[in-house]
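All of the numbers you see were taken from the coordinates with simple rules; none came from a lab. Quick caveat: nothing in here was measured; it's all calculated off a predicted structure. Cβ sites come from the backbone with ideal geometry, for glycine too, and all protein chains shown count toward neighbours.
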Ligand SMILES: *Cc1c(COP(=O)(O)O)cnc(C)c1O
């Protein structure tokens, strides 16, 4: 096997080696069943046990209260952009959106198909380099939607915004879920595509409060009703069995690491080191404002796109891959999710220093 390199990709992203090794061992036969994990019926005993354990470990990891459902859906986080307003917004009804980047903008665009989203805050005025502190909520919004971490712009909410009245808080946590402790009881819905911090692409984790499961429309296609997935334990149709299995291994790995408090400590340590190196560098500059910086996606530039490109290939030659910033912002982006090893951050800092010296 060729050596693994440091993968800074924003998603699909690095997974823990231990998890990949365990999955590899179970590809041909899950335990002693003689049938590979991907070949088991989703209604059989072996997979049912995997599903139950994955859900139990998810609940344990985030102390998810009993009045929340844990669902494993498909269609990515992008399908939640429309599934949520489709269920909860009727024509003329308003939901408030806090717009902090491209993903939030996409969520607003989908909500417009079903109701009247109101943008209660936006950081568009400074190209999404910060998290807004002031909100202009509408009267009685059906829900408040925000994106906890802005994968493309490298900003992150330090804590969840306060929703007005009893409006449920809805969170797209695709790129920072379980990077730190989360108080699920403050939310109505938390959703995340798996491919950044939880597992492979193809499964979406949706944590949703019971009253919202019940409140969703019942005159839309079954596959789009949360109640149908909740009533059928995510097995109304064939769920993404391999993705659920792998996510389960990631949950086990997180628990073994010491849970979300410990992940938070590790993530802070990695990010603080990297931001400090950028701040100290005569060449590199962080793009996100200091108090809005993401623990997961560290975005930075040299100020010269040609020099950025040089650095990206210089780093790639040294085994650091995936550092190119999103095409809409340019520069560099180091995605350092839960599974990204601290040694990779040290190596990046070294290579940044070598690059600066090589350019005089
Ligand atoms: C990647 C990402 C998405 C899109 O996820 P898909 O699973 O590809 O639909 C949505 N929101 C955020 C914050 C993301 O990082």
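Could you list 58, 171 so that the one with the fewest beta carbons within 10 Å of its beta carbon is first and the one with the most is last?
Ordered from fewest to most neighbouring Cβ atoms within 10 Å, 58, 171 come out as 58, 171.
Of all DSSP beta bridges in the stretch 18-257, what percent run antiparallel (nearest 5)?
Roughly 45 percent of the beta bridges in the stretch 18-257 run antiparallel, per DSSP.
Write down the Kirkwood hydrodynamic radius of the chain, to one decimal in angstroms, obtained as one divided by the mean of 1/r over all alpha carbon pairs.
21.2 Å
Treating the Cα atoms of the stretch 1-97 as identical point scatterers in vacuum, please give the log10 of the normalised Debye intensity I(q)/I(0) at q = 0.12, 0.20, 0.25 Å⁻¹, two decimals.
-0.68, -1.23, -1.28
Could you list log10 I(q)/I(0) for the stretch 63-179 at q = 0.13, 0.17 Å⁻¹, which the Debye formula gives when each Cα is one point scatterer?
Log10 I(q)/I(0), no solvent term: -0.48, -0.84.
Percent antiparallel among DSSP beta bridges with both residues in the stretch 154-223, to the nearest 5?
60 percent
With runs of 4+ DSSP H residues as the only contributors, calculate the mean residue ellipticity of the chain at 222 nm using -39,500 (n - 2.57) per run, divided by the residue total and rounded to the nearest 500.
That calculation yields -11500 deg cm²/dmol at 222 nm.
Given Cα pairs under 8 Å that are at least 6 residues apart, what percent is the relative contact order of the stretch 18-257?
26 percent
What Kirkwood hydrodynamic radius do you get for the stretch 161-234 when you take the inverse of the mean 1/r over all pairs of distinct Cα atoms, in Å?
13.5 Å
What per residue convex hull volume, in Å³, comes out for the stretch 275-323 when only alpha-carbon positions are used?
86 Å³
Only counting other Cβ atoms within 10 Å, I'd like 27, 89 sorted with the fewest neighbours first.
So the ranking, lowest neighbour count to highest, is 27, 89.
When each pair of different Cα atoms in the stretch 259-358 is counted once in the 1/r mean, what is the Kirkwood radius in angstroms, to one decimal?
Final number for the Kirkwood radius of the stretch 259-358 is 13.7 Å.
Order 11-18, 231-238 from most to least packed using the mean count of other Cβ atoms within 10 Å.
The most tightly packed comes first, giving 11-18, 231-238.
Please arrange 114, 128 by how many other C-beta atoms lie within 10 Å of their C-beta, fewest to most.
Ascending Cβ contact count within 10 Å gives the list 114, 128.
For q values of 0.22, 0.25, 0.27, 0.32 Å⁻¹, compute log₁₀ I(q)/I(0) with the Debye formula on a Cα-only model of the stretch 228-275, without solvent.
Here log10 of I(q) over I(0) equals -0.80, -0.87, -0.92, -1.03.
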